[in-house]
Amino acid sequence: MQDVATIPREIESTRPSRSLVAKGRIVERLVEGLIKLVALVSIAAVLLILLFVGKEALPVLTSAIVQKEVTLGGMFASREGLFSWQPVSDIPKYNILPLLVGSVKVTLIALVFAVPLSVSAALYVSEMAGKRTRELLKPAIELLAGVPSVVIGFFALVVLSSWVQAAFGTEHRLNALVAGLGLAFAICPIVFSVSEDALRAVPGSYRTAATALGSSRSQTTLRVILPAAGPGIAAAIVLGFGRAIGETMIVVLASGNAALLDGSLDHSARTITATIAQELGEVVVGSPHYHVLFFLGALLFVSTFAVNFFGERMVHGMRAKLGGSR
Amino acid sequence: MSQSFHRLLPEEAHSALVRIAALKSDGPTPVKMQAKGLTVSYSAKEAVKDVTIDVHENEVLALIGPSGCGKSTFLRVLNRMNDTIDGVTVKGSVTLDGQDIYAPNVDAVLVRRRVGMVFQRSNPFPKSIFENVAYGLRIAGIREGGLIAQRVERALRQAALWDEVKDRLTESGLSLSGGQQQRLCIARALAVEPEVLLMDEPASALDPIATAKVEDLVAELRSDLTIVIVTHNMQQAARVSQKTGFFYMGKLVEVGDTTTLFTRPKERATEDYITGRFG
């Protein structure tokens, strides 16, 4: 520390100049413009992808050549009592219902397993675990999000499927259940992480109030903290849904990929994402099959967007209900 | 007044009469809570030092003193709210109706059901107005809808909030104004029929009109329960309480009848504080 006596009496003033007239703040404007540009580029990229997918999907509805082979109605209607996705057979069949059902089925299985598991884990970590345990567990679970999906898929293919077969005696080794369980692994970290954040964001004053009213710890957790974190947990589930329905590698490896239209869990399933991944590389550009694959992509895009949109609306509604009009 | 007693159960009527009689007579009411040689420390620092005090039934005891003098800590000892903070140790004894609430076999949850608390900042749950008040009843295991509705209405009436919210019971408790929220928290605490109500600066975040309402409430509630109120506001202490205790540096400097304490304090420190020389 400087001795006070050595500080010179006359110190140069650092007071801002008294003029209020704007000077050319070119650098300021430049930086602002640059940031704006970068932001716009990222938005534009997403829009262009949507535009491109839409453009390639459109011939399914408009082109006469494509419609000779496949029509919009034909993609949903049965053909001689069968719903078949066989785009490369002698008579190509483009029924997309098995793919839709496959995607939804596998995603729902994943959510059924992942949501209770992740939310309970989040409750434990945020409400019950000690500080040390929490600091260990949270990053550890979040690290799982970094596991490449091909690794999870490989695990599901080699290990999980054997376990499932041993446990339930399924006829087919690769099936919707195995793929769904694999997906559950993939979405657990994100559902956990977002739920845990939501639980931790609940104000401590609710906890204090509940305790002062004579709540036990579990009553406080289940009747006050969990409902208060409800919107955040709902958002976590919506995120998990989006991740699961868009996930490709795990379902390619573990689902068995047979396009069957049924609700059974131990049968093979083929999802929209797996179909695009496996067929788009081989398809003749501009062929009806090519355009149908893009149509599937657009469908996935729209449905994920719709789920996110309505999910967001629901979360907003829940927030408003909890928090009143303010 | 006399007519309404017909509707009470005999036992309740009896205890009510006893209480009213005690209120009317000049003699002191029985001791409801008692702290003896109470020392509270946060790790090494002593926040409350060797405090001995009686809280009498149907009496409002105000605790005054400068910030950090230990009055809030003392208040939180009375319903074991300090248990939730790490590193707090309590020495000495606190009794409720003669029973030591820090005895090893005592469940803190049951203590808090008999000794309720209202905080400085209103903290309603993000639930409907009705569910806020019903919460304590539900966790106590009451399932009968009719009974819960009755108790909720009575608690809201006791807290002078019923007329303002009776048409919007399903709206969120957080949609109320600040003063209403605080009265909602009082109603929520009253719904479980506590015997003692602890209030930690319940009006410090409120405007003067809302403050007046809370003060009126405290005065009315006295006939039903025992109140300990911590306040920064000496006028408030003078208005609502029968007894006042002055805390300074963790010690209870003086406790006595409110009028006496404010007009003829025994201790020099008390006099300095109430005349505004410090604090």
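Readers should treat all values here as calculations from the given coordinates under stated rules, not as data from a laboratory. If you're wondering where the values come from, they're calculated on a predicted model, not measured in any experiment. With ideal geometry, Cβ positions are generated from the backbone for all residues, glycine too; neighbour counts draw on all protein chains shown.
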I'd like the distance separating the alpha-carbon centroids of the stretch A:261-318 and the stretch A:57-114, in whole Å.
10 Å
Along the dipole axis of the protein assembly as shown (charges at Cβ: +1 for Lys and Arg, -1 for Asp and Glu; origin at the Cα centre), the most positive-end residue among A:PHE83, A:VAL60, A:LEU213 is A:LEU213
Given points 7 Å out from each Cα along the Cα-Cβ axis, report the A:SER13 to A:LEU222 separation in nanometres with one decimal.
7.0 nm
Which of the lysines could a cross-linker bridge to A:LYS36, judged by Cα under 30 Å and excluding same-chain residues fewer than eight apart?
A:LYS23, A:LYS55
Mind scanning A:LYS321/B:LYS166; B:LYS45/B:LYS266; A:LYS68/A:LYS93; A:LYS131/B:LYS127 and naming the pairs with a C-alpha gap bigger than 20 Å?
B:LYS45/B:LYS266; A:LYS131/B:LYS127
Here the net charge surrounding B:TYR135, from other residues whose Cβ is less than 10 Å away from its Cβ (Lys, Arg +1; Asp, Glu -1), is +3
Distant-in-sequence amide H partners of B:ALA62 (H built 1.01 Å from N, under 5 Å)
B:ILE229, B:GLN242, B:LYS243, B:THR244, B:GLY245
Efficiency of FRET between A:VAL158 and B:GLU171 - r from beta-carbon atoms, R0 56 angstrom, step 0.05
0.50
Please identify, among A:SER89, A:SER287, A:SER63, the residue showing maximal mean-square fluctuation in a Gaussian network model of chain A using a 10 angstrom Cα cutoff.
A:SER89
Can you compute the label reach from B:MET249? Point 7 Å from Cα along the Cβ direction, backbone N cut-off under 14 Å, restricted to the stretch B:58-73.
B:66, B:69-70
Calculate how steeply helix B:145-158 sits against the longest principal axis of the alpha-carbon atoms of chain B, using the helix alpha-carbon long axis, and give the answer as 0 to 90 degrees to the nearest 10.
50 degrees
Using a 10 Å cut-off around each Cβ of peptide B:127-140, what is the average number of partner chain Cβ atoms that fall inside?
3
So in the protein assembly as shown, what percent of DSSP beta bridges are antiparallel if you round to the nearest 5?
60 percent
Once you list every other residue whose beta carbon is under 13 Å from the beta carbon of A:VAL88, what net charge do they have if Lys and Arg are +1 and Asp and Glu are -1?
-3
Only Lys, Arg (+1) and Asp, Glu (-1) charged, at Cβ; the protein assembly as shown dipole about Cα centre in debye
760 debye
Cβ-Cβ FRET estimate between B:SER223 and B:VAL31, R0 fixed at 25 Å, reported to 0.05
0.90
In what sequence do B:GLU59, A:GLU196, B:GLU144 fall when counting other Cβ within 10 Å, fewest first?
B:GLU144, B:GLU59, A:GLU196
